[in-house]
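Each value in this text was obtained by applying a stated rule to the coordinates, not by laboratory testing. Everything numeric in this text was worked out from a predicted model, so none of it was measured. Virtual Cβ from ideal backbone geometry, glycine too; neighbours counted across all protein chains shown.
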Amino acid sequence: MSFKIKNKSIVSIVMGSKSDWSTLKKSAEILKKLKIQYIVKIVSAHRTPMRLVDFAKSAKKNNLAVIIAGAGGSAHLPGMIAAITDLPVIGVPMETKSLKGLDSLLSIVQMPFGIPVGTVAIGETGAKNAALYAASILSLNNKKIANNLRIWRNKQTLSVKHSPKK
Ligand code: RP5
């Protein structure tokens, strides 16, 4: 699998199903604001297992730096990607109808010793924080991203009022 991207600060947003996109587009919106390049792919661990292997195996040579992986239910996608590549993988648990995403959260967060997945909150909050977390990782080696992240956080700080009544 080749994405033909040269820049090294690339985030990949991958999801188990198209139905995850309404949540994971929140990651994309934050990355866009921070001027971080990203690609978006549907890679299902159980419906397209070979695509998963291909994606994870070629992630480094395609210049990906951080992978945001969202999945719901048994949610094995982030863990399987992390098992194949040693790039940092941030897992976003999707909110599900039956168990409100608790199933996804426990599945993603409970990685056994040896293969870590950085797990964020369920749903949109997690998707947004995943993008900010990816930005923090990229900031270690990219001054522009570090600066954009600092500006974003300063704006957030300034937006907090001192009183709920004003
Ligand atoms: C997972 O199954 C996906 O990540 C999604 O959250 C969940 C349900 O998928 P769909 O049935 O909506 O395609 O693989």
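Quick notes on this structure:
- For the listed peptides 40-49, 89-98, 24-33, a ranking on the average number of other beta carbons within 10 Å per residue, highest first, reads 89-98, 24-33, 40-49.
- Segment Lys97-Lys143, extension gain: residue separation times 0.36 nm, minus the distance between their alpha carbons: 12.5 nm
- Using θ = phi - 60° and Karplus 6.51 cos²θ - 1.76 cosθ + 1.60, couplings along segment 30-36 (whole Hz; Gly, Pro as x): 5, 4, 4, 4, 8, 6, 9
- Put simply, the convex hull of the Cα atoms in segment 1-113 casts, on average, a shadow of 6.8 nm².
- Potential lengthening between Ser159 and Arg51 on full extension [0.36 nm per residue; Cα-Cα distance subtracted]: 34.6 nm
- All-pairs Cα distance distribution in segment 49-166, expressed in whole percent, bin size 10 Å: 14, 35, 31, 16, 4, 1
- The residue list Met94, Thr125, Ser139 was ranked by how far each Cα lies along the charge dipole of the chain toward its positive end, using unit charges on Cβ atoms, and Ser139 comes out on top.
- Each residue of segment 103-108 was assigned a 3J(HN,Hα) from its phi angle through the Karplus expression (A = 6.51, B = -1.76, C = 1.60, θ = phi - 60°), giving 4, 5, 4, 5, 5, 6 Hz with x at Gly and Pro.
- Computed log10 I(q)/I(0) for segment 86-153 at 0.17 Å⁻¹: -0.67, from the Debye equation with unit scatterers placed on every C-alpha and solvent omitted.
- Top of Gln156, Gln110, Gln37 by mean-square fluctuation, Gaussian network on the chain, Cα under 10 Å: Gln156
- Placed amide H near Ile68: partners under 5 Å, 5+ positions off or other chain: Ser12, Ile13, Val14, Ile90
- Between the residues Gln156, Ala59, Thr48, the greatest Cα displacement towards the positive end of the dipole of the chain, with unit charges on the Cβ of Lys, Arg, Asp and Glu, is found for Gln156.
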